[in-house]
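Read through the structure below, which is laid out as structure tokens, and then see the notes.
What follows draws every value from the coordinates through simple rules; no lab data is involved. Since we're looking at a predicted model, the values are computed, not measured. Virtual Cβ from ideal backbone geometry, glycine too; neighbours counted across all protein chains shown.
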Amino acid sequence: MKRLKTDYRGVYYREADRIGGKGKENVYYIVFKKDGRVHEEKVGRQYADDMTPARAATIRAARIEGRRESRKDIREAAKATKLAEEGKWTLAKLWKEYSSQRPDSTSVKIDGYRFQQYLEPKYGGKEPHELHQLEIDRLRINLLKQGKAPQTVKHVLGLIKRLSNFGVNKQLCQGIGFKIVMPKVDNLRTEDLNPEQLKKLLAAMDASPDTEAADFMRMALFTGMRRGELMNLRWKDIHFERGFILIRNPKGGKSQTIPLNDQARAVLDNHPKLAEYVFVRQNKKPFTNVINKRVREIRQAAGLPSDFRPLQGLRHAYASMLASSGQVDMYVLQKLLTHKSPQMTQRYSHLRDESLKKAATLPLAGKLIIEQAAKAKARAGEKETIGA
């Protein structure tokens, strides 16, 4: 194509087929001498880039003075930036990898909602080390101002920390360079049922047409299993002959086993086997959070207080009954509840202490203590007589 002059020095154009339309358009070039070399560079098209001879002349002056890079340099810089961005392990990219390694985890599904709702819009494009303490502090404060429960905010901030640690452990990126301040959470709420309430709840379970939800609640009461553990429970995890239930990854910890007691065994013996999972919806898929609505209906039928959380409350009721029996020590209770540390189990210690205190103050206990003391005194007297 022939190069044509314009009214501006060093600015030329060639005619070419128009991009995105019919006819022709001018493609502008600049020619200039710099560092002893003659440069010819394309600066843009008439319509596609809205280029004019005047703009081309401005670009030429900037190139001569070193105030502007060539189109080629700009394209290469953009390409390098894009490649660098693609190689960055942002929170969004870390979440995708993190969640893909835990496809069957119910907690990951819940975390997915938290990530999409609270983190991805503003922080998804950042790597962990690009986060600043001030913006995370603001995130915590804003969520609390919005009325989010401290426990919810703690879960959101904890997810940032887990993604950062995941990236560091996999040698994908640098971690957060500061300590995330967590909101104070009063998670020592321990729910219990008195005998009359328990009687009404069991009756409501028996009368409920929703046998799937009723059995779900029975298992929570008889085993103390968490909601997520029951959702993920498979028939292959129940060992009827050996008498135990395998709980896979209890709240992020190592898989553990708990005893299959007679009450839980009776529930499972009468529960239909419809799919791989024990508790399923009509489509044979495992339960999701829809179970919450279904168990609340049974709670309402039993006339229990509206603030009694059906599944968490039944787990607490299970633990409270064991602790108050005085026959289960805190270490055993910790193992039954699959707590990773004894601190969580200590919330029930006062129930055991009260039970032991009552046992110690019974007339029989006092009588036994007096008798033992008298026998010890008598033996001591016999020894003195023999010595004399």
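Mind jotting down the distance between the C-alpha centroids of the stretch 25-102 and the stretch 130-191, whole Å? Going from one Cα centre to the other spans 39 Å. Ratio of Rg to Rh for the stretch 158-258: 1.12 [Cα atoms; Kirkwood radius as inverse mean 1/r over pairs]. Taking only the alpha carbons of the stretch 129-170, we obtain Rg and Dmax values of 11.4, 35 Å in that order.
How are the Cα pair distances of the stretch 180-319 distributed, in percent, across 10 Å bins from 0? Spelled out per bin, shortest first, that is 11, 42, 34, 11, 2. Computed about its Cα centre, the charge dipole of the stretch 195-358 is approximately 540 debye, with only Lys, Arg, Asp and Glu carrying charge at their Cβ. Which shape class applies to the stretch 11-75: rounded if a/c is under 1.5, otherwise prolate when a/b exceeds b/c and oblate if not, where a ≥ b ≥ c are the square roots of the Cα gyration tensor eigenvalues? Prolate shape, in that a/c is at least 1.5 and a/b is the bigger ratio.
To two decimal places, what compactness ratio does the stretch 91-169 give when its Cα radius of gyration is scaled by 2.2 N^0.38 Å? Numbers along the way, then the final one.
On the way: Rg = 12.2 Å, N = 79, 2.2 N^0.38 = 11.6 Å.
Rg over 2.2 N^0.38 Å, computed on Cα atoms: 1.05.
All C-alpha pair distances within the stretch 234-284, sorted into 10 Å bins from zero, spread as 24, 49, 26, 1 percent across the bins.
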